1. Applying the Karplus parametrisation 6.51 cos²θ - 1.76 cosθ + 1.60 with θ = phi - 60° to the phi angles of region B:215-224, what ³J(HN,Hα) value in whole Hz is obtained for each residue in order, glycine and proline being reported as x?
2. Just check region A:29-292 against the gyration tensor rule for me: Cα atoms, a ≥ b ≥ c as the square roots of the eigenvalues, rounded for a/c under 1.5, and otherwise prolate or oblate depending on whether a/b exceeds b/c.
3. Expressed as an acute angle from 0 to 90° and rounded to the nearest 10, what is the orientation of the C-alpha long axis of helix B:2-23 relative to the principal long axis of chain B?
4. Return, ordered by residue number, the residues of region A:86-129 whose backbone nitrogen is under 17 Å from a label point located 7 Å along Cα→Cβ of B:Ser88.
5. Wrap a convex hull around the Cα atoms of region A:154-221, take a quarter of its surface area, and give that in square nanometres.
6. Counting pairs of alpha carbon atoms under 8 Å apart in space and at least six apart in sequence, what relative contact order in percent does chain A give?
7. Tell me which residues come under 5 Å, amide H to amide H, from A:Val255 once H is placed; ignore anything under 5 positions away on its chain.
8. Got the relative contact order for chain B handy, in percent, Cα pairs under 8 Å and 6 or more residues apart?
Amino acid sequence: MTDTFLSATPPAPIRQRAARDLTRRARWKPAEILFWLCAAASFFLLPDQHLLLSEIVILGLFALSLDLIIGYAGVVTLGHGAFFGLGAYVAGLTSIHLTAEPLTGLALAALAAAALGLATGPLLLLRASDLTRLMVTLGVAMLLYEAANKASWLTGGADGLQGVMIDPLLGRFEFDLFGTTAYGYCLIVTFVLTLIARRIVTSPYGLSLRAIRDNALRARSMGIPVGPRLLAIYAFSALIAGIAGALLTQTTMFVSLDVLAFHRSADVLLVLVLGGVGYLYGGLIGAVAFKLLQDWFSALTPQYWMFWMGLVLLVVVLIGRDRIQTLPRTLMRRLHAEGRA
Amino acid sequence: MLTILIDGIAYGMLLFVMASGLAVTLGLMNFVNLAHGAFAMIGGYVTALTMNRMGLPFLATLPLAFLVPALVGMLAERTLYARMYRRSHLEQVLFSIALVFMAMAAADWLLGSSQMLITLPGWLQGRFEIAGIAIGRYRAFLILVCAALVIGLQLLLSRTRFGARLRAAVDDQRAARGLGINVGGIFALTFATGSGLAGLGGALGIEIMGLDPTFPLKILVYVLIVVTIGGTATLTGPFLAALIIGTADVAGKYYIPELGAFLIYLLMIVLLILRPQGLIAPAR
């Protein structure tokens, strides 16, 4: 054991290798570029689907925020809808009482959600099992739901918040009936936030989160401050969820209690699992799959689409994400092997 | 005042009967089964349907309300749940939520979305008085039945050969298997018993909580709260928790109705902050 191991800064070769690893991880992959090209193309090629597409993007952004804490930090939660709902209400209230300018509402919603995340985050750090975490987060979400239900002078209660009006975006682009502005707006916000989230998870900080996820005890003994790091990512995730909620309010110009309901938190988990946990695009891809399936099933059986949704989920979980994800690769390898033989 | 207390205890007992199966799967088998409420719903529907359509008396339907969910539970355990024991908690949560969705949609499709009503037999209706305290007959009946179940369950786990085998299988599966204990069979039986108890709870609870296809989700939250607060190491923990939650809920609805469900969630969060491992923490 030499001194270099104990000193705070590792020797140059190790630092270089770490830096190289980090850059390699952060490099853009062709599939990612293709993904965003497809997203941009959908804006121009599917003009009559913009309303549905906006919904998908908002759900995707929400699922992405969940991925940050479940997939990267390994914290399970059933109450992420709290931040989504808070963001939605703050954006709605801002437009009514303060200013109808959309970006201000977005920023305020983000701040409020992040503040709630910071305030409730320490509850997750209790010496507790997954179940306790699930229940505490669920409890927080239900408390917020009840609060919004009771405070009807502020939130409109069960009738929803009426009279949300949003000014044109940047003073220029009016929010139209076909959702064209809305979709562009959601897409750009989501793109920017994905970039930021991507930067975060590929940074040394992001790597330390993965270390915590894989083994919190070891991470702590390596000198990673587990508590503050988890708190930070939780708040950031809450911030993104708040923005997703605000986008929903601003594009639909309506907020109802539904944004805080339990099924939001459950749905977004399903979305994330459909798309795959822990690679940032899982949420977005899952949202596309979820909404298309939902659309398709509810066209087939308007009342009982939940059954088929459940069945799909059941099959996905039973087969296992890993096997589905590696299926193309295994097929390719088999083809290669046969080609060579 | 005392009437409310007794109502609360009856409600808490009911919660415990529903939650006990979950406490066992969660605490002993370490499986997060959010679909537990679905079995309670099956039990409720069995009672409601056999009473309303076949004209069976209330008491006669109760064994059925235990047996049918138990059979369904055993079937589901062998075919589906057994594959999920080794998976992560997140996957178990999703798997069981999927089951809940399917159960809710299926109940809606088969039986319609309206509330199921039953008429209790005459001797269970109304109230009687002891020392000036009015007690609902059905509440008293609930307390008696549930207390008997609780004691029976405790004896089953601590005194019988089956209980000893179950505890052995849970403590160390491999060693238990090595001793010739049929671990798979034990788990299946345990799961069936838990599901059956949930079903019985669902049947007994129709009068108090109502019954419709959203029942699994409604009851899920309460049951989970009970199990989480109680801790899963013992059955005493969930029992205490069920009594606390039941009493708090009934008293809260009576004295401060404007708070609504607020009280329960607040109570849960505070209790979990104080005792993150549950009221009775596992001995380590």
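1. Karplus-based 3J(HN,Hα) across region B:215-224 equals 3, x, 6, 4, 6, 3, 4, 4, 5, 5 Hz.
2. On the way: a/c = 1.92, a/b = 1.26, b/c = 1.53.
The shape class here is oblate.
3. 20
4. A:129
5. Numbers: hull surface 35.6 nm².
So the Cα hull casts an average projection of 8.9 nm².
6. Values: 463 pairs, mean separation 106.3, N = 341.
With pairs under 8 Å counted, the relative contact order is 31 percent.
7. A:Leu161
8. Details: 433 pairs, mean separation 107.4, N = 284.
Relative contact order of chain B: 38 percent.
Values in this text are rule-based calculations from the coordinates and carry no lab data. All figures in this text were calculated on a predicted structure; none of them were measured in a lab. Virtual Cβ from ideal backbone geometry, glycine too; neighbours counted across all protein chains shown.
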